[in-house]
2 protein chains.
Amino acid sequence: VPDPVTFINCFDLPPGRDQEFQQLWEQVNTYMAGQPGFLGHRLHRSVNPDTGFRFINVVWWESAERWAQAHDEGFRKLVGQPEWESFRYTPTLCEVVHHSGMVGPVAT
Amino acid sequence: VPDPVTFINCFDLPPGRDQEFQQLWEQVNTYMAGQPGFLGHRLHRSVNPDTGFRFINVVWWESAERWAQAHDEGFRKLVGQPEWESFRYTPTLCEVVHHSGMVGPVAT
């Protein structure tokens, strides 16, 4: 069994662009969620728009290989849209090196 | 029942300082894990040291209030140590705004 990986992408955007960002992001997320090896995701938004990143997406994949394969031509077409240009992002592919307790629930 | 929150802290460090960082970080984590409202955490490390953040800590708390109260004098004493000065971090307190599927397992 290959090791699961966690992909974390941190987004900065100009003020007032949340809705536009989320619409674009959902196109990509829907596409990636259909790729083999995608396990699940949580898109986080900062409680305070003035501190930290505005959005942080955490995605769980079965393996680093599946994650890499998912970044195919269809993906590149979506993120190549000029609308993405005003959004800054820092993507990191991660492994978990220390953990405790439980993963928190999602508010309902 | 208050809404759960997710605290995400992204760390940049100079090359070769991973072990030193983890030792310092574990002091803070052990302290925070004993605070009321702490649910659990996952410390992530980048698979590739040259891209993205080197470490990303994700912590789940019962509520934003518990999270704020946990940042007390004992916490400030730990993070006020001069050894922290060479580590850059971007903390974000978040809510989950979109999610699907499952939270990935941790490699064993």
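Some observations on this one:
- Filtered residues of the range A:71-108 (kept if within 14 Å of chain B (Cβ to nearest Cβ), free of Cβ contacts under 8 Å to residues at least 40 places away in the same chain and either under 19 Å from residue A:32 (Cα atoms) or out of contact with any Gly (no Cβ under 8 Å at 6 or more places or on another chain) (or both)): A:71, A:97, A:98, A:105, A:107, A:108
- Where residue A:11 falls short, out of the listed (1) free of Cβ contacts under 8 Å to residues at least 60 places away in the same chain; (2) in contact with a helix residue (DSSP H, G or I) (Cβ under 8 Å, 6 or more places away or on another chain); (3) within 29 Å of residue B:40 (Cα to Cα); (4) of a type in the set (Phe, Trp, Tyr): (1)
- For the range A:26-54, the tally of residues that are facing chain B (nearest Cβ under 8 Å) and in contact with a Phe, Trp or Tyr (Cβ under 8 Å, 6 or more places away or on another chain) stands at 9.
- Residue match in the range A:2-16 (condition: in contact with a Pro (Cβ under 6 Å, 6 or more places away or on another chain) and either among the small types (Gly, Ala, Ser) or closer than 19 Å to residue B:91 by Cβ (or both)): yes
- Summed over the range A:3-17, residues that are over 14 Å from the mean Cα position of the chain (by Cα) and either more than 9 Å from every other protein chain (Cβ to nearest Cβ) or of a type in the set (Val, Ile, Thr) (or both) total 5.
- Output for the range B:90-106, where each listed residue is farther than 20 Å from residue A:26 by Cβ, touching a Pro at 6+ places or on another chain (Cβ under 9 Å) and open to solvent by less than 40 Å² (accessible area, probe 1.4 Å): B:104, B:106
The values are calculated or read from the model by the stated rules, or taken from the named source; none is laboratory data. Treat the numbers as computed from the prediction; the structure is a model and nothing was measured. As a convention, Cβ positions derive from the backbone with ideal geometry for all residues, glycine included, and neighbour counts pool all protein chains shown. Surface accessibility is based on the protein's heavy atoms, side chains included, excluding ligands, DNA and RNA. Shrake-Rupley method; radii C 1.70, N 1.55, O 1.52, S 1.80 Å.
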